[in-house]
1. Suppose we filter Glu403, Glu425 for residues that are open to solvent by 30 Å² or more (accessible area, probe 1.4 Å) and within 25 Å of Val17 (Cα to Cα); which single one remains?
2. Please work out which residue is surrounded by the fewest Cβ atoms within 10 Å (Cβ to Cβ), limiting yourself to segment 217-253 and to residues that are in contact with a Pro (Cβ under 7 Å, 6 or more places away or on another chain) and closer than 19 Å to Phe312 by Cβ.
3. Considering Ile388, Ile339, which residue is within 16 Å of ligand 3 (Cβ to nearest atom) and out of contact with any Asp or Glu (no Cβ under 8 Å at 6 or more places or on another chain)?
4. Quick one: in segment 133-152, which of the residues that are touching a residue at least 40 places away in the same chain (Cβ under 8 Å) and within 16 Å of ligand 3 (Cβ to nearest atom) is nearest to Leu227 (Cα to Cα)?
5. Evaluate the following for Gly256: is it closer than 26 Å to Pro351 by Cα and either crowded, with 21+ Cβ neighbours inside 10 Å or away from ligand 1 (no atom under 16 Å from the Cβ) (or both)?
6. Across segment 107-152, what is the number of residues that are part of a strand (DSSP E or B) and either among the small types (Gly, Ala, Ser) or at pLDDT below 95 (or both)?
7. Name the residues in segment 348-380 that are in contact with an Asp or Glu (Cβ under 8 Å, 6 or more places away or on another chain) and within 16 Å of ligand 3 (Cβ to nearest atom), would you?
8. Just one of (1) open to solvent by 10 Å² or more (accessible area, probe 1.4 Å); (2) touching a residue at least 60 places away in the same chain (Cβ under 8 Å); (3) of a type outside the set (A, V, I, L, M) trips up Gly195, so point out which.
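The values are calculated or read from the model by the stated rules, or taken from the named source; none is laboratory data. Just so we're clear, the structure is a prediction, and the values are computed from it rather than from any experiment. For neighbour counting, all protein chains shown are included, and Cβ atoms are generated from backbone atoms with ideal geometry for every residue, glycine included. Ligands, DNA and RNA are stripped out before the accessible areas are found, and what is left, the full protein with its side chains, is counted by its heavy atoms. Shrake-Rupley method; radii C 1.70, N 1.55, O 1.52, S 1.80 Å.
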Amino acid sequence: MLDLVIRGGTIATASDVFTADIGIRNGRIVQIGEALPPGAEEIDATGRYVLPGGIDSHVHLSQPSGEGIVMADDFESGTRSALFGGNTTVLPFCLPARGQPLREALTAYHALAEGECYTDFSFHLILPEINAAILGQDLPALVADGYTSFKVFMTYEGLRLNDAEIIRTLDVARRTGAIVMVHCENEDAIRYLIGRAEEAGEIAPRFHALTRPIVVEREATHRALSLAEVVDTRIVIVHVSNGPAIDEIRAARARGVNVFGETCPQYLMLTAADLDGMDWEGAKFVCSPPPRDAASQEACWRGLETGVFDLFSSDHCPFRYDDPAGKLHPGSRRGFRHIPNGIPGVETRLPILFSEGVMKGRIDLPRFVALTATNHAEVYGLERKGRIAVGMDADIAIWDPEERRAIRHADLHDGADYSPYEGLEIWGWPTTVVLGGRTMIEDGALVGQKGAGRYRSRSSIQAPLERGLRTAL
Ligand code: DUC
Ligand code: ZN
Ligand code: ZN
C-alpha cells in the first residue's frame, strides 16, 4: 500500500504542467498517474498546484557575524521559517574561523543543525583563507565526502581572497568537480569610497548603498568570470543586483564560460531609497550588494525571464533591528559601516516570486520550479531532489493560488523582528508541505516535528543545465 497519495493536483515540473496523482512510499515518489490506489494517508490537492519543495541554496543560519552581533536565526527557527515558506531543503554556509581546520568547523555546524531542522540541509563551505594544505588535502577530501561547493569573497577585510588565491581555489574545483560561488564586490574601491564618506561625516545607512555602487560589483563580476575562464571551471555568481553585472554574465556565457547566475527577492522588490528611512530604519535594508534602482529591478526580472539567472535564492541573513546585537546599535557602534549586512527572507522568497512572477505573468510555472528548486539541485549536486518524478524524494509543496495575504512579520516564523516586505500583498501561498513523504505543514499549520529534516551529502558530478527555449545568450 502507498503511504501517501496526493490526489488531483496540478503538478508542475521544470518542463511540464499536468494533472495527476502522486503515490509515495518510504519517503520517495513511486507512482505518478491517474486514479492511483488508496494510500494510508491522502491529500486532496484539487484546485491547487503541486510543486517540488523549494530548495533555498543561499541561507545563513547561526553564523558568527562580528563582535557583539548575533544572527537572528539558528537552525531550528531558520528551517521552520523556510518550511512555512514552502521549502524542503536549505543550503546554509559553514564559516570557519581563521586558522580553524575546515573539518572541525563543519563538525561544529553539524552539531548545531542535527536534530534541530524542519527541512533537509547541506552546507556550503566559506573559505576565509587558503594555504597549500587546504588546497592540496583538505578540500579534495571534503569534496569526496559530499561538501561540493565553496564560497569565496572579493570583499570584506579578513574574508576576501586575492586573485591569485581565487585562481588556486577555482583550480581545486576544476580538479575535484566542486563548484565555487563568488561574492563579487571590489573591496579596495569600497574602502576608498567609505573613507571619503566618513571624512565628510556621512554615516547614515543610505551611505552603505552609495559606497558599494554598481561599478564595484560589475568590475568584480567581470574579474571573477575572467578568472573562471582562465581556469576553465564552473562558477556561480551569487546575489546579482543589476543590469551591468547581468551583462557580464551573459557575455561570459557567450564566450563559453560555464557560469550560473543567482539573484534574490531584494533585488526585485527593494531599492536604495529603502535605506533612507527615518530614525535609522534604513538599516533594516542594509545588505551586500545593496538594492539598487527601478532599472536594476527591471534588469533582474529580465534576467529571470530570459534564463540569464538559473537560481533564485533568498540570501536569508537575518539580524534583529531593535536589539543591541542587531542593526540599530550594532555592538553600540554607530555608522553604516558597522551595520550587519543582510536581511531576512527565507519564508517570503517563494511567495514573492510566485505572486509577482507567476501570478503577474512574468514567468510561467515551469520556470518558477526551475528557478526555485530544480536548478538548485542540479547545480549543487542534490541528486534526489528538486523534481517531481518517480524515484525522487517526496519533497512537495502544495500551493493555494487563491490565497491572498499581506506579508506581516507577525505572521512569519523567523527570529528577526521585522520583514523588509511588510505590507506587500501576496497572491498564492504554499499551504501544505511534505518532506520525505511526511506532512510537515497541513493547511497552514505545523504538524511535523523538529529533527525531521536531515543532512544531505552532495555529489560533485553535475551535468550542464538544460536552460530551455527561453534562454538568452
Ligand atoms: N553576502 C552574502 O552572501 N550574504 C549576506 C552578506 C554578504 O555579504
Ligand atoms: Zn555574499
Ligand atoms: Zn549570503
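1. Answer to the selection: Glu403.
2. The qualifying residue surrounded by the fewest Cβ atoms within 10 Å (Cβ to Cβ) is His239.
3. It is Ile339.
4. Lys151
5. Judged against the criteria, Gly256 is not a match.
6. So the answer is 1.
7. Arg349, His376, Val379
8. Single failed check for Gly195: (2).
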